[in-house]
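Heads up, the thing below is written out as structure tokens.
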Amino acid sequence: ITLYMLDNFIVFSFKKENKKTLIFLPGYTSGFDTPLLKGLIEYYSSREKDIDVLGINLEYQKDEPDLYTVSQEKIIKFTTKFAETYPQKEVVLVAKSLSGSLCISNSSLLKVKGLIALGFPVILGRPPKISLLSIENPKLPNYKQEWMPALINNKLPISILSGGDDDLTDNDFLNKNATDFSNIILTVLPGANHDLSNCQTGEVYLDACINQISATIRR
């Protein structure tokens with residue numbers, strides 16, 4: 001995998017003549033070396049020669065007082081810069097957890113063709129009110145209703161890959177509400193946790209994620 005910087009993007013593979021581009025964004029406590037994102041990046045960098053693969057390293061700081069504003073601004077700024085520099089590209093974001101929440105919350109400002117959210121922590125609420133778990137705050141809140149305005153007003157094509165045993169989401173809520181909108185597709189992976197790996201064996205549902213991503217970027 002080729003790794004270098006391009007206009008503030010981490011580049012895993014890039015060719016100017018390619019039309020389709022995947023831009024990966026990590027979760028709050030993870031990076032590009034986690035099993036799921038690492039597997040996806042390796043697959044699309046080496047197996048899909050007609051797809052560019054980049055990443056935006058948000059470098060979430062746990063003590064950052066303005067975490068959401070800073071991260072949202074980076075996502076909007078970088079995707080806008082890329083769209084202006086390469087207007088012929090069709091960009092799809094592949095965002096893990098908190099990054100997906102930030103993208104859904106700001107979808108009208110993103111210069112992209114679509115979004116794939118890997119694990120949607122809907123019960124933690126919308127940024128900047130999202131309640132992150134900590135030793136001081138170990139109880140899971142339930143702020144999922146705060147997402148309804150963002151989902152109702154969302155026009156961006158979104159595919160949500162959700163774990164059937166993910167304790168940070170509510171698949172019944174997503175199925176009853178989010179999937180009422182024609183631009184949102186929900187796929188639930190039975191037995192998967194928030195990292196989209198098997199709760200018993202730890203095996204990542206990589207093939208299922210690849211199939212959903214490939215179907216999304218080609219539709």
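The values are calculated or read from the model by the stated rules, or taken from the named source; none is laboratory data. A quick note: this is a predicted structure, and the numbers were derived from the prediction, not measured. As a convention, Cβ positions derive from the backbone with ideal geometry for all residues, glycine included, and neighbour counts pool all protein chains shown. Surface accessibility is based on the protein's heavy atoms, side chains included, excluding ligands, DNA and RNA. Shrake-Rupley method; radii C 1.70, N 1.55, O 1.52, S 1.80 Å.
Between the alpha-carbon centres of region 19-85 and region 178-219 there is a gap of 18 Å. The residues of region 1-137 expose, per residue, 46 Å² of accessible area to a 1.4 Å probe. Coordinate range of the alpha-carbon atoms in the chain per principal axis, descending: 47, 37, 35 Å.
Working note: Karplus 6.51/-1.76/1.60 with θ = phi - 60° gives region 191-206 the couplings x, 9, 8, 5, 8, 6, 10, 5, 5, 8, 9, x, 5, 7, 7, 5 Hz, where Gly and Pro are set to x. For ASP195, ASP180, ASP52, the ranking by accessible surface with the largest value first comes to ASP180, ASP195, ASP52, using a 1.4 Å probe.
How much net charge surrounds PRO35 when only other residues with a Cβ under 10 Å from its Cβ are counted (Lys, Arg +1; Asp, Glu -1)?
-2
Near LEU6, the amide H atoms lying under 5 Å from its own belong to VAL11; only residues 5 or more places off or on other chains count, and H is placed 1.01 Å from N. Over all pairs of different C-alpha atoms in region 159-219, the reciprocal of the mean inverse distance, the Kirkwood hydrodynamic radius, equals 12.0 Å. Of all stretches in the chain that contain no GluC sites (Glu not before Pro) in a DSSP loop with at most 16 other Cβ atoms within 10 Å, the longest one is 60-135. Overall, the chain carries a charge dipole of about 820 debye about its Cα centre when +1 sits on the Cβ of Lys and Arg and -1 on the Cβ of Asp and Glu, all other atoms neutral. Along region 116-123 the Karplus relation, 6.51 cos²θ - 1.76 cosθ + 1.60 evaluated at θ = phi - 60°, assigns HN-Hα couplings of 10, 9, 9, x, 10, x, 5, 6 Hz to successive residues, with x for each Gly and Pro.
Bridgeable lysines around LYS144 (alpha carbons under 19 Å apart, same-chain partners fewer than 8 residues away excluded): LYS96, LYS129, LYS176. Placing unit charges on each Cβ (+1 for Lys and Arg, -1 for Asp and Glu) gives the chain a dipole about its Cα centre, and among GLN88, SER99, LEU25 the Cα reaching farthest toward its positive end belongs to GLN88.
To the nearest 0.05, how large is the calculated FRET efficiency for SER182 and SER108 if R₀ is 22 Å and r is the Cβ-Cβ distance?
Here the calculated transfer efficiency is 0.85.
On the chain, 49 percent of the accessible area sits on carbon and sulfur atoms, based on a 1.4 Å probe. Per residue, the convex hull spanned by the Cα atoms of region 68-188 measures out at 98 cubic angstrom.
For LYS20, the lysines whose Cα falls under 18 Å of its own Cα, not counting residues fewer than eight places away in the same chain, are LYS49, LYS81, LYS89, LYS111, LYS113.
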